[in-house]
Amino acid sequence: MKPTVTCSLLAAFLLLAALPSVAADNSGGKVFALHAQNGSGQHGTVALKPRGSKTVVEIHLLGAPGSSEPAHIHSGSCSKLNPAPKYPLTPVVDGISETTVNQPLAALTAGGLAVNVHKSAADLKTYVACGDLANSNM
Ligand SMILES: [Cu+2]
């Protein structure tokens with residue numbers, strides 16, 4: 001009797017655990033332009049894809065090197081960026097970066113945030129690309 005009960009509870013738990021991801025609205029992603037800065041020649045897009053209460057942030061940069069380029073979401077805008085990162089992103093390598101940020105899409109696109117990419121960990125001061133996460137939906 002006991003193993004059956006445990007098994008049923010486990011099945012019920014697994015079903016409940018699976019439900020939110022099934023019920024979550026994962027449609028309605030947004031794409032923003034990343035513009036080259038400081039003559040880097042690196043430009044591309046940042047795509048934000050809702051995953052329930054989280055957001056997958058995907059950077060695609062053309063002209064990026066194979067070396068690691070730090071990337072973050074900052075408060076402010078590309079023309080007036082707060083230098084302190086707000087949410088860290090996976091460093092861009094070969095123009096690609098993917099990060100799941102623990103914020104809903106609406107919070108990231110409400111305005112006042114920008115994605116920027118830095119030349120290297122040793123040269124964070126040099127920005128190579130930036131994109132405002134508002135008013136530029138492609
Ligand atoms: Cu940054």
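The values are calculated or read from the model by the stated rules, or taken from the named source; none is laboratory data. The structure presented is a predicted model; accordingly, all values stated were derived computationally and were not measured. FYI the Cβ positions are ideal-geometry reconstructions off the backbone, even for glycines, and counts take in every protein chain you see. The protein model used for the area step is the full one, side chains on, heavy atoms only, and it has no ligands, DNA or RNA in it. Shrake-Rupley method; radii C 1.70, N 1.55, O 1.52, S 1.80 Å.
The set of residues from the stretch 93-128 being out of contact with any Gly (no Cβ under 7 Å at 6 or more places or on another chain), within 11 Å of the ligand (Cβ to nearest atom) and not in a loop (DSSP other than H, G, I, E, B) comprises 116, 117, 118, 127, 128. Of all residues in the stretch 59-75 being open to solvent by less than 30 Å² (accessible area, probe 1.4 Å) and away from the ligand (no atom under 11 Å from the Cβ), which is nearest to residue 91 (Cα to Cα)? Here the residue is 59. Considering only the stretch 76-92, state which residues are within 11 Å of the ligand (Cβ to nearest atom) and within 24 Å of residue 52 (Cα to Cα). Passing the criteria: 85, 86, 87, 88, 89, 91. For the stretch 85-106, residues that are open to solvent by less than 70 Å² (accessible area, probe 1.4 Å) and within 14 Å of residue 128 (Cα to Cα) total 4.
This table checks each residue for (1) under 16 Å from residue 57 (Cα atoms); (2) out of contact with any Pro (no Cβ under 7 Å at 6 or more places or on another chain).
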residue	(1), (2)
78	no, yes
84	no, yes
89	yes, yes
100	yes, yes
105	yes, no
112	no, yes
125	no, yes
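Within the stretch 35-45, can one find any residue that is within 15 Å of the ligand (Cβ to nearest atom), assigned to a strand (DSSP E or B) and open to solvent by less than 50 Å² (accessible area, probe 1.4 Å)? Looking through the stretch 35-45, none of the residues is within 15 Å of the ligand (Cβ to nearest atom), assigned to a strand (DSSP E or B) and open to solvent by less than 50 Å² (accessible area, probe 1.4 Å).
Considering 42, 37, which residue is modelled with pLDDT of 95 or more and touching a Gly at 6+ places or on another chain (Cβ under 8 Å)? It would help to see each step written out before you state the result.
Values: 37 fails: touching a Gly at 6+ places or on another chain (Cβ under 8 Å).
Every option except 42 fails the conditions.
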